[in-house]
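Report on the following structure.
The values are calculated or read from the model by the stated rules, or taken from the named source; none is laboratory data. Keep in mind the model is a prediction, meaning the values are calculated, not measured. For neighbour counting, all protein chains shown are included, and Cβ atoms are generated from backbone atoms with ideal geometry for every residue, glycine included. Only protein heavy atoms, including side chains, enter the accessible area calculation; ligands, DNA and RNA are left aside. Shrake-Rupley method; radii C 1.70, N 1.55, O 1.52, S 1.80 Å.
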Amino acid sequence: MYIYGKNVAKESLRSDDEILKVYLSRNFHDEEVFQLIRKRKIKTTFLDSQVMDKKVDGHHQGIILEISEVKTYSLDNFLESIHDKDRVLIVMLDHLEDPHNFGAIIRTAEALGVDAIIIPNDRSVTVNSTVVKISAGAISYMKIVRVANLGSAISKLKKNDFWIVGTDMDGEDYSKINYPERTCLIIGNEGKGISNIIRKNCDFIASIPMSGKINSLNASVSCGIVLSEIVLSKNKV
(Lines give C-alpha, C1' and ligand atoms only; values in the text may rest on other atoms or scores of the structure.)
Protein backbone atom coordinates (compact mmCIF):
# COMPACT_ATOMS: atom_id res chain seq x y z
CA MET A 1 0.00 0.00 0.00
CA TYR A 2 1.15 3.53 -0.77
CA ILE A 3 0.85 6.42 1.68
CA TYR A 4 1.93 9.92 0.85
CA GLY A 5 2.38 13.50 2.02
CA LYS A 6 5.03 14.97 4.33
CA ASN A 7 3.14 14.80 7.63
CA VAL A 8 1.94 11.24 7.13
CA ALA A 9 5.37 10.13 5.91
CA LYS A 10 7.19 11.67 8.86
CA GLU A 11 4.92 10.03 11.42
CA SER A 12 5.27 6.68 9.68
CA LEU A 13 9.06 7.02 9.55
CA ARG A 14 9.15 7.88 13.28
CA SER A 15 6.94 4.93 14.20
CA ASP A 16 7.48 1.17 14.01
CA ASP A 17 5.62 0.88 10.69
CA GLU A 18 7.19 -1.58 8.28
CA ILE A 19 8.27 0.60 5.35
CA LEU A 20 9.29 -1.32 2.25
CA LYS A 21 10.45 1.56 0.09
CA VAL A 22 10.55 5.34 -0.16
CA TYR A 23 9.92 7.28 -3.38
CA LEU A 24 11.07 10.89 -3.53
CA SER A 25 10.74 13.44 -6.30
CA ARG A 26 14.10 14.62 -7.63
CA ASN A 27 13.54 18.14 -6.29
CA PHE A 28 12.46 16.99 -2.81
CA HIS A 29 14.15 18.84 0.07
CA ASP A 30 13.43 18.08 3.72
CA GLU A 31 16.42 17.33 5.93
CA GLU A 32 14.31 15.76 8.67
CA VAL A 33 12.91 13.23 6.22
CA PHE A 34 16.39 12.45 4.89
CA GLN A 35 17.67 11.88 8.43
CA LEU A 36 14.76 9.55 9.28
CA ILE A 37 15.33 7.55 6.09
CA ARG A 38 19.06 7.23 6.78
CA LYS A 39 18.42 6.23 10.39
CA ARG A 40 16.14 3.40 9.32
CA LYS A 41 18.25 2.47 6.26
CA ILE A 42 15.27 2.28 3.93
CA LYS A 43 15.72 1.80 0.21
CA THR A 44 14.98 5.09 -1.58
CA THR A 45 14.23 5.80 -5.22
CA PHE A 46 14.20 9.26 -6.79
CA LEU A 47 11.64 9.82 -9.55
CA ASP A 48 10.46 12.61 -11.83
CA SER A 49 7.39 14.45 -10.54
CA GLN A 50 5.28 13.17 -13.43
CA VAL A 51 6.03 9.56 -12.46
CA MET A 52 5.22 10.32 -8.82
CA ASP A 53 1.88 11.83 -9.87
CA LYS A 54 0.89 8.56 -11.54
CA LYS A 55 1.63 6.44 -8.48
CA VAL A 56 -1.03 7.95 -6.22
CA ASP A 57 -4.30 9.82 -6.64
CA GLY A 58 -3.59 12.79 -4.42
CA HIS A 59 -1.15 15.55 -3.45
CA HIS A 60 1.99 13.62 -2.48
CA GLN A 61 4.24 16.64 -1.75
CA GLY A 62 7.17 14.82 -3.28
CA ILE A 63 7.18 11.77 -1.00
CA ILE A 64 5.47 8.38 -1.22
CA LEU A 65 6.03 5.43 1.11
CA GLU A 66 5.35 1.84 0.18
CA ILE A 67 4.29 0.11 3.39
CA SER A 68 2.93 -3.23 4.51
CA GLU A 69 -0.77 -3.29 5.29
CA VAL A 70 -1.61 -1.36 8.44
CA LYS A 71 -1.50 -3.70 11.43
CA THR A 72 -4.85 -4.59 12.95
CA TYR A 73 -5.74 -6.45 16.14
CA SER A 74 -8.27 -9.03 17.24
CA LEU A 75 -10.65 -8.06 20.03
CA ASP A 76 -9.16 -10.74 22.28
CA ASN A 77 -5.65 -9.35 21.72
CA PHE A 78 -6.82 -5.86 22.58
CA LEU A 79 -8.75 -6.90 25.69
CA GLU A 80 -5.71 -8.76 26.94
CA SER A 81 -3.57 -5.65 26.48
CA ILE A 82 -5.90 -3.53 28.68
CA HIS A 83 -7.00 -6.13 31.24
CA ASP A 84 -5.39 -4.24 34.14
CA LYS A 85 -6.52 -0.74 33.09
CA ASP A 86 -9.48 0.90 34.82
CA ARG A 87 -10.01 3.75 32.35
CA VAL A 88 -10.47 2.60 28.77
CA LEU A 89 -12.16 4.45 25.91
CA ILE A 90 -13.06 2.74 22.65
CA VAL A 91 -14.77 3.94 19.48
CA MET A 92 -16.80 1.44 17.46
CA LEU A 93 -17.83 2.28 13.90
CA ASP A 94 -21.13 0.71 12.82
CA HIS A 95 -20.44 0.16 9.12
CA LEU A 96 -19.03 3.60 8.36
CA GLU A 97 -18.36 3.92 4.62
CA ASP A 98 -16.50 7.18 3.98
CA PRO A 99 -12.68 6.90 4.26
CA HIS A 100 -12.47 10.66 4.92
CA ASN A 101 -14.72 10.25 7.96
CA PHE A 102 -12.70 7.26 9.14
CA GLY A 103 -9.41 9.12 8.77
CA ALA A 104 -10.74 12.17 10.60
CA ILE A 105 -12.10 10.00 13.43
CA ILE A 106 -8.71 8.29 13.80
CA ARG A 107 -7.00 11.68 14.04
CA THR A 108 -9.45 12.98 16.66
CA ALA A 109 -9.46 9.72 18.62
CA GLU A 110 -5.68 9.61 18.84
CA ALA A 111 -5.52 13.23 19.98
CA LEU A 112 -8.07 12.56 22.75
CA GLY A 113 -6.43 9.39 24.04
CA VAL A 114 -8.80 6.74 22.68
CA ASP A 115 -7.38 3.25 23.22
CA ALA A 116 -8.74 1.57 20.08
CA ILE A 117 -11.19 1.82 17.19
CA ILE A 118 -13.31 -1.21 16.32
CA ILE A 119 -14.51 -1.82 12.76
CA PRO A 120 -16.39 -4.76 11.21
CA ASN A 121 -14.80 -6.97 8.58
CA ASP A 122 -17.54 -6.51 6.00
CA ARG A 123 -19.72 -3.71 4.55
CA SER A 124 -17.41 -1.14 6.06
CA VAL A 125 -14.63 1.25 5.17
CA THR A 126 -11.21 -0.39 5.25
CA VAL A 127 -7.80 1.02 6.09
CA ASN A 128 -6.59 2.39 2.75
CA SER A 129 -4.23 5.13 1.60
CA THR A 130 -6.97 7.79 1.84
CA VAL A 131 -7.70 6.87 5.45
CA VAL A 132 -4.00 7.01 6.31
CA LYS A 133 -3.61 10.37 4.55
CA ILE A 134 -6.61 11.98 6.27
CA SER A 135 -5.47 10.69 9.66
CA ALA A 136 -2.36 12.85 9.23
CA GLY A 137 -0.15 10.12 10.67
CA ALA A 138 -2.34 9.39 13.71
CA ILE A 139 -3.05 5.86 12.50
CA SER A 140 0.56 4.95 13.33
CA TYR A 141 -0.40 5.32 17.01
CA MET A 142 -3.96 4.00 17.03
CA LYS A 143 -4.98 0.37 17.47
CA ILE A 144 -7.49 -0.72 14.84
CA VAL A 145 -9.50 -3.77 15.94
CA ARG A 146 -11.32 -5.81 13.31
CA VAL A 147 -14.25 -8.04 14.27
CA ALA A 148 -16.52 -10.41 12.37
CA ASN A 149 -19.69 -9.29 14.14
CA LEU A 150 -20.36 -6.05 16.03
CA GLY A 151 -23.10 -7.59 18.17
CA SER A 152 -20.81 -10.35 19.40
CA ALA A 153 -18.08 -7.76 20.02
CA ILE A 154 -20.46 -5.70 22.17
CA SER A 155 -21.36 -8.80 24.22
CA LYS A 156 -17.69 -9.49 24.84
CA LEU A 157 -17.04 -5.86 25.78
CA LYS A 158 -19.89 -5.94 28.31
CA LYS A 159 -18.39 -9.05 29.89
CA ASN A 160 -15.23 -6.98 30.30
CA ASP A 161 -17.04 -4.20 32.18
CA PHE A 162 -17.60 -1.84 29.25
CA TRP A 163 -20.69 0.34 28.98
CA ILE A 164 -21.96 0.93 25.46
CA VAL A 165 -22.92 4.44 24.32
CA GLY A 166 -24.65 4.77 20.97
CA THR A 167 -25.18 8.05 19.13
CA ASP A 168 -28.47 9.11 17.57
CA MET A 169 -30.65 12.20 17.12
CA ASP A 170 -33.29 10.62 19.37
CA GLY A 171 -31.46 10.18 22.66
CA GLU A 172 -30.27 11.76 25.88
CA ASP A 173 -28.28 15.02 25.88
CA TYR A 174 -24.67 13.82 25.53
CA SER A 175 -23.47 16.35 28.13
CA LYS A 176 -25.85 14.96 30.78
CA ILE A 177 -24.61 11.36 30.65
CA ASN A 178 -22.38 10.03 33.44
CA TYR A 179 -19.82 8.15 31.35
CA PRO A 180 -18.36 5.06 33.08
CA GLU A 181 -14.65 4.36 33.39
CA ARG A 182 -14.81 1.80 30.58
CA THR A 183 -16.81 3.27 27.71
CA CYS A 184 -17.34 2.20 24.11
CA LEU A 185 -18.76 4.98 21.92
CA ILE A 186 -20.58 3.81 18.78
CA ILE A 187 -20.74 6.00 15.66
CA GLY A 188 -23.24 4.93 13.05
CA ASN A 189 -23.29 4.78 9.27
CA GLU A 190 -23.30 8.17 7.50
CA GLY A 191 -26.79 7.69 6.09
CA LYS A 192 -28.53 5.12 8.30
CA GLY A 193 -26.99 5.83 11.69
CA ILE A 194 -26.58 2.95 14.12
CA SER A 195 -28.53 -0.19 13.25
CA ASN A 196 -31.54 -1.24 15.34
CA ILE A 197 -29.86 -4.38 16.62
CA ILE A 198 -26.84 -2.37 17.80
CA ARG A 199 -29.07 0.29 19.36
CA LYS A 200 -30.90 -2.35 21.42
CA ASN A 201 -27.56 -3.38 22.94
CA CYS A 202 -26.60 0.15 24.01
CA ASP A 203 -26.69 1.21 27.66
CA PHE A 204 -27.08 4.89 26.70
CA ILE A 205 -28.03 6.77 23.54
CA ALA A 206 -26.21 10.10 23.33
CA SER A 207 -27.70 12.95 21.31
CA ILE A 208 -26.21 16.35 20.44
CA PRO A 209 -28.83 19.11 20.81
CA MET A 210 -29.19 21.23 17.67
CA SER A 211 -29.93 24.96 17.77
CA GLY A 212 -29.44 25.83 14.10
CA LYS A 213 -31.42 25.07 10.98
CA ILE A 214 -29.29 22.02 10.12
CA ASN A 215 -30.36 19.03 12.21
CA SER A 216 -27.47 16.65 11.59
CA LEU A 217 -23.68 16.60 11.76
CA ASN A 218 -20.94 14.81 9.89
CA ALA A 219 -20.05 11.48 11.56
CA SER A 220 -16.49 12.54 12.38
CA VAL A 221 -17.68 15.88 13.84
CA SER A 222 -20.28 14.14 16.03
CA CYS A 223 -17.63 11.69 17.18
CA GLY A 224 -15.26 14.52 18.12
CA ILE A 225 -17.91 16.40 20.10
CA VAL A 226 -19.01 13.40 22.17
CA LEU A 227 -15.46 12.12 22.69
CA SER A 228 -14.41 15.52 24.01
CA GLU A 229 -17.24 15.42 26.56
CA ILE A 230 -16.33 11.89 27.63
CA VAL A 231 -12.68 12.80 28.13
CA LEU A 232 -13.59 16.02 29.95
CA SER A 233 -15.99 14.21 32.29
CA LYS A 234 -13.39 11.55 33.11
CA ASN A 235 -10.75 14.21 33.84
CA LYS A 236 -13.09 15.89 36.34
CA VAL A 237 -13.18 12.77 38.50
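The GNM of the chain, with springs linking C-alpha atoms under 10 angstrom apart, assigns the highest mean-square fluctuation among M210, M52, M169 to M210.
A Cα-only calculation for the range 98-183 places Rg and Dmax at 14.0, 38 Å. Among beta bridges from DSSP that stay inside the chain, the antiparallel ones total about 25%.
Can you tell me the FRET efficiency between Q50 and M1 if r is taken as the Cβ-Cβ distance and R0 is 25 Å, rounded to the nearest 0.05? Approximately 0.70, to the nearest 0.05. For the range 86-236, the per residue solvent-accessible surface stands at 46 Å², with DNA, RNA and ligands left out and a 1.4 Å probe. Treating the angle as unsigned and between 0 and 90°, give the value, to the nearest 10°, between the Cα long axis of helix 150-159 and the longest Cα principal axis of the chain. In the chain, helix 150-159 runs at an angle near 70 degrees to the longest axis.
Taken about its Cα centre, the chain carries a charge dipole of about 440 debye when Lys and Arg each add +1 at the Cβ and Asp and Glu each add -1 at the Cβ.
Around the Cα centre of the range 154-200, unit charges on the Cβ atoms of Lys, Arg, Asp and Glu (plus for the first two, minus for the last two) sum to a dipole of about 320 debye. Normalised by the number of residues in the range 88-145, the average gap of Cα pairs under 8 Å and 6 or more apart makes the relative contact order 46 percent. With all protein chains in place and a 1.4 Å probe, the accessible surface of the range 85-237 carries 49 percent carbon and sulfur.
Straight Cα distances below 18 angstrom link K54 to the aspartates and glutamates E66, with same-chain residues fewer than 8 positions distant left out. With an a/c value under 1.5 for the gyration tensor axes a ≥ b ≥ c computed over the alpha-carbon atoms, the range 111-237 is described as rounded. In the chain, Cα pairs under 8 Å separated by at least six residues give a relative contact order of 21 percent.
Relative to the dominant Cα principal axis of the chain, helix 99-111 is inclined by about 80°.
In this model, which of K85/K234; K133/K234; K159/K192; K143/K176; K10/K41 are farther than 21 Å apart at the alpha-carbon? Where the Cα-Cα span goes over 21 Å, the pairs concerned are K133/K234; K159/K192; K143/K176.
Taking amide H atoms as placed 1.01 Å from N in the peptide plane, the amide H of G5 lies under 5 Å from those of I63, each 5 or more residues away in sequence or on another chain. Could you work out which residue, out of I177, I105, I118, moves most in a Gaussian network model of the chain, that is, has the largest mean-square fluctuation with Cα springs under 10 Å? Of I177, I105, I118, the most mobile in the Gaussian network model is I177. Only one of (1) 1.16; (2) 1.02; (3) 0.95 was calculated from the structure for Rg/Rh (Cα atoms, Kirkwood Rh), and its label is (2).
Amide hydrogen proximity for V147: with H placed 1.01 Å from N in the peptide plane, the residues at 5 or more positions away or on another chain lying under 5 Å are I119, N121. Between the listed residues A206, G103, M92, the Cα displaced farthest toward the positive end of the dipole of the chain, a dipole computed from Cβ unit charges relative to the Cα centre, is found at G103. In the chain, helices alone account for a calculated mean residue ellipticity at 222 nm of -10000 deg cm²/dmol, with every DSSP H run of four or more residues adding -39,500 (n - 2.57). Within the chain, what is the longest stretch that has no trypsin sites (Lys or Arg not before Pro) placed in a DSSP loop and near at most 11 other beta-carbon atoms within 10 Å? Counting only loop sites that pass the neighbour cut-off, the longest clear stretch is 124-191.
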